[in-house]
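What follows is a set of notes on a single structure, which appears directly below.
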Amino acid sequence: MGIFYRPVTAVLTFAAAGIVSGGLCAAELNLPKQLAWTAYNTGSAGYNQSVAIGAALQNATGTNLRVLPGKNDVARTEPLRQHKVQFSATGVGGSFMAQEGVFVFGKENWGPQAVRTLLANNGGAVGLSVGVAGDIGVKSYSDLKGKRVAWVRGAPSLNVNTTAYLAYGGLTWDDVEKVEFGGFGESWKGLINGQVDAAFASTNSGFAYEAASSPRGLTWPPIDPANTEGLARMQEIAPFFSAAKVTVGATIDGTDGVETGAYAYPVLVAMVDQDEDLVYNMTAAMVQLFDEYNGKAPGIGGWALDKQDFEWVVPYHDGAIRYFKEIGAWTDAAQKHNDHLVDRQAALAKAWEDLKSESPADWEGAWAEARKKALTDGGFSVVF
């Protein structure tokens, strides 16, 4: 099968799909008194949305959701795979890249992770973009040549995304000054404090709003949907991106919007062996309580049921599928796509275990070759 990425827009019309009411009501949700999930740093869009969802859970069910901020993909994913938290509100790093076993997840102590999706924020109104300090005169991403650009250690999703924006502008990391930071929040504090000129975030991140109100100001150079060559370069690096006109974010709110890039964020994931009933009830809570948390954080409306993409890049958990089937949202096409993604994960896991038994001296080089062969032999898209 070919590349399986599509624009992050609403992909289901539920009335047309014949969806009927069903599933649990809020009073019937069976959740433990304590839940925990990881999210991006405090102040990030993912963290703020998680806190708002937690407040709705507390009010409706008495469940206390503990949100643990993680400064990079490893910090968010390690507690998940160790089952110290049940869920993670993550990005493409902790979901797709973890599944693929690439970048930090390709190191010998990691490997492809059997992660599963519950829901994702496919808001469309929020961009995921490289913000640029407003005091350096940058009008386009090509203008970043020679400027200081943030690189976050242990955060491949942030760095791949930044690389994709540079590629859109015809640049590589050799064309800019790479400034390394230990976490997402630190990179944006660096922009505000004058240590760096550009950093990646969602347009509605609390750090972006802080930067916009700082003396340096903030700008989001445009991604022109008509620039097919630039988009092709961008999607060669990060094929999950699409051009989008966004209306929510720092310097964007109240305007007609800006053209930039977007994809699903945050994505709520669990490990494949997470209890199916717990996942079922968490998925039901996210859907049933949507009106309770909608509007309580910028961009949170993308969690709506009619914004879900059931043919995304990471398979759905059986518990989530059970709930979506009950309410008539799950289709045969979604199941076929999901089965294909499960098979993809299985092929990657087998390739990883086979390679471990060989103990190659050059692990990263050997894994890159083994991974490519496993995907090619299985008829799967080779990405990264």
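The values are calculated or read from the model by the stated rules, or taken from the named source; none is laboratory data. Computed from a predicted model, the values in this text were never measured in an experiment. Quick reminder, even Gly has a Cβ in these numbers, built from the backbone with ideal geometry, and neighbours come from all protein chains shown. Side chains are part of the model used for accessible areas, which takes the heavy atoms of the whole protein and leaves out ligands, DNA and RNA. Shrake-Rupley method; radii C 1.70, N 1.55, O 1.52, S 1.80 Å.
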Excluding exposed DSSP-loop trypsin sites (Lys or Arg not before Pro) (at most 10 other C-beta within 10 Å), longest clean stretch of the chain:
140-384
Hey, of (1) 27.3; (2) 22.0; (3) 21.1, which did the structure itself give for Kirkwood radius over Cα pairs in Å when calculated?
(3)
Using only the Cα atoms of segment 300-384, build the gyration tensor, take square roots of its eigenvalues as a ≥ b ≥ c, and label the shape rounded, prolate or oblate: rounded if a/c is under 1.5, else prolate if a/b is larger than b/c, else oblate.
prolate
With every protein chain present, what is the per residue accessible area of the chain (1.4 Å probe, Å²)?
39 Å²
Rounded, prolate or oblate: which one fits segment 226-384, using the alpha carbon gyration tensor with axes a ≥ b ≥ c (rounded when a/c is under 1.5, else prolate when a/b beats b/c, else oblate)?
oblate
Can you tell which of Ser214, Gly261, Val246 lies farthest toward the positive end of the dipole of segment 206-304, using +1 and -1 charges on the Cβ of basic and acidic side chains (Lys, Arg; Asp, Glu)?
Ser214
Reach of Lys336 by Cα under 17 Å, taken over aspartates and glutamates that are not fewer than 8 positions away in the same chain:
Asp309, Glu311, Asp318
Of the residues Ser202, Ser187, Ser142, which exhibits the maximal mean-square fluctuation in a Gaussian network model of the chain defined by a 10 Å Cα contact cut-off?
Ser142
Gyration tensor verdict on segment 56-166 (Cα atoms; rounded if a/c is under 1.5, prolate if a/b is larger than b/c, oblate otherwise):
oblate
Above-threshold pairs, the threshold being 20 Å between Cα atoms, out of Lys350/Lys372; Lys145/Lys245; Lys71/Lys372
Lys145/Lys245; Lys71/Lys372
Summarise the accessible area of the chain (1.4 Å probe, protein heavy atoms) by the percent that is carbon and sulfur.
49 percent
Among beta bridges assigned by DSSP with both residues in the chain, the antiparallel ones amount in percent, to the nearest 5, to 55 percent
